[in-house]
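Take a look at the structure set out below.
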Amino acid sequence: MPHSNVAGLSSDRAVRKNRWVLYGALAVAIVLLSFTGARALPSDSDDATFRKLTDDYCAAWSTGNTDNAAKFYAQDDGLIFYDVTPFSYHGWKEYVPGVKKALLDNAAEAKLTAGKDLKVTRRGSVAWTTVPMHFYEKTKDGKVMEAELRYTGIWEKRGSGWLLIHEHISVPMAE
């Protein structure tokens with residue numbers, strides 16, 4: 001009998017040791033998951049940064065001058081931008097003449113306004129924003145066009161600022 005008690009004590013110590021190893025592993029996992037979850041959430045400063053960027057972006061496009069909007073875009077060849085018309089632009093060099101022809105050349109007045117429901121998600125040096133927008137245009141012949149838009153922008157941190165590397169603008173189909 002004394003032999004079985006020694007084996008039992010040895011077995012109890014091993015179980016306790018294994019429990020502490022398990023508790024330690026769980027604690028590390030919880031800390032890591034908390035850290036990862038916290039990084040995934042935008043900070044208040046991200047929200048304020050992208051609210052300002054989005055409002056400034058809308059103000060720049062509202063001037064009707066692509067030069068004013070250019071500072072928000074990465075100028076790399078091969079970037080794709082989806083707009084309401086035409087289907088897409090391949091790089092800023094294609095975007096400028098395309099949007100001038102499709103929207104701005106005939107505009108006497110244009111206004112782009114971002115809605116209040118801006119969502120920001122950031123992962124390191126890349127962030128994406130979604131926000132409803134309202135577009136208003138009065139053409140040179142007096143016609144008015146208005147549209148509710150859905151906007152998604154993918155931003156990349158370059159140097160001290162953020163630039164759009166992709167955007168998708170769409171108009172919901174009529175119901």
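No lab work stands behind these numbers, since they all come straight from the coordinates. As the structure is a prediction and not an experimental result, all values here were calculated from the model. For neighbour counting, all protein chains shown are included, and Cβ atoms are generated from backbone atoms with ideal geometry for every residue, glycine included.
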Practice prompt. Could you work out the local net charge near GLN75, counting Lys and Arg as +1, Asp and Glu as -1, over the other residues with Cβ closer than 11 Å to its Cβ?
Written response: +1
Item to complete: May I ask for the net charge around TYR151, where only other residues with Cβ less than 15 Å from the Cβ of TYR151 are counted and Lys, Arg are +1 while Asp, Glu are -1?
Response: -1
Response to the item:
Any chymotrypsin sites (Phe, Trp or Tyr not before Pro) in the range 62-93 that lie in a DSSP loop and have at most 12 other Cβ atoms within 10 Å would be PHE87
Fill in: Unsatisfied cross-links (Cα-Cα over 22 Å) in the set LYS116/LYS138; LYS101/LYS140; LYS52/LYS100; LYS71/LYS100; LYS101/LYS157
LYS116/LYS138; LYS52/LYS100; LYS101/LYS157
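For ARG51, what charge total do you get from the other residues with a beta carbon under 15 Å from its beta carbon, if Lys and Arg give +1 and Asp and Glu give -1? Kindly include the intermediate steps, with their values, before the conclusion.
Working: positive: LYS52, LYS116, LYS119, ARG122; negative: ASP44, ASP46, ASP47, ASP55, ASP56, ASP117.
Every neighbour counted, the sum reads -2.
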